[in-house]
Structures are given as structure tokens and as C-alpha cells.
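Below is one structure, written out as C-alpha cells; comments come after it.
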Amino acid sequence: LRACLLLFTVTNGAKVPQQMQLESLIPVASRRDSIINAGTGSGKTICMVLAILLDPLSITLVINPLKRLQCTQVS
């Protein structure tokens with residue numbers, strides 16, 4: 001609920017989290033590592049932002065394999 005309210009507030013009511021984005025926060029809330037493997041445009045950025053908003057003192061490391069993304073978009 002807190003994640004929904006945070007995103008709704010930060011985006012001035014334009015967005016609410018999808019189920020996948022909320023499920024990605026379960027390990028974050030438990031202070032566990034997580035890996036999200038999702039396609040382009042599926043909402044991975046919101047997963048990262050929500051994790052930071054929920055726990056601003058935590059350390060968030062994001063790895064984006066952009067070269068791989070370029071190859072898959074070409075094919």
C-alpha cells in the first residue's frame with residue numbers, strides 16, 4: 001500500500017504500480033537481493049524507483065546490459 005501511495009504521489013496521480021512491480025518489492029522489503037528479468041517497456045525502472053523510495057537509506061545497484069538490449073532490438 002505504501003508503494004502504491006508513493007508512486008501515485010510522486011507522479012501526481014499519473015501512475016500506480018503493476019502487480020509485477022509490487023511483487024519485485026517483496027525481497028526489497030525483506031532486505032534480500034533480487035534480480036528482475038523483464039522485457040523493454042515492462043516497467044523495470046519503476047521497480048528500481050519504488051525500492052529507493054521505500055528505503056532511501058539503502059544501497060541500490062542497478063546493472064543494465066545495454067549492449068545485449070541493442071542486439072535483441074536489432075534482431
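The condition (being outside any loop (DSSP other than H, G, I, E, B), surrounded by 10 or more Cβ atoms within 10 Å (Cβ to Cβ) and not basic (Lys, Arg)) is satisfied by just one residue among ILE52, ILE36: ILE52. The set of residues from segment 9-33 being outside any loop (DSSP other than H, G, I, E, B) and either under 27 Å from LEU69 (Cα atoms) or open to solvent by 100 Å² or more (accessible area, probe 1.4 Å) (or both) comprises GLN19, MET20, GLN21, LEU22, GLU23, LEU25, ILE26, PRO27, VAL28.
Return yes when SER58 is small (Gly, Ala, Ser) and open to solvent by less than 60 Å² (accessible area, probe 1.4 Å) and no when it is not. Taking the combined requirement at face value, the residue satisfies it.
The values are calculated or read from the model by the stated rules, or taken from the named source; none is laboratory data. Source: prediction; values computed, not measured. Here Cβ is always computed from backbone atoms with ideal geometry, including for glycine, and neighbour counts include all displayed protein chains. Heads up: the accessible areas ignore ligands, DNA and RNA and are worked out on the full protein's heavy atoms, side chains in. Shrake-Rupley method; radii C 1.70, N 1.55, O 1.52, S 1.80 Å.
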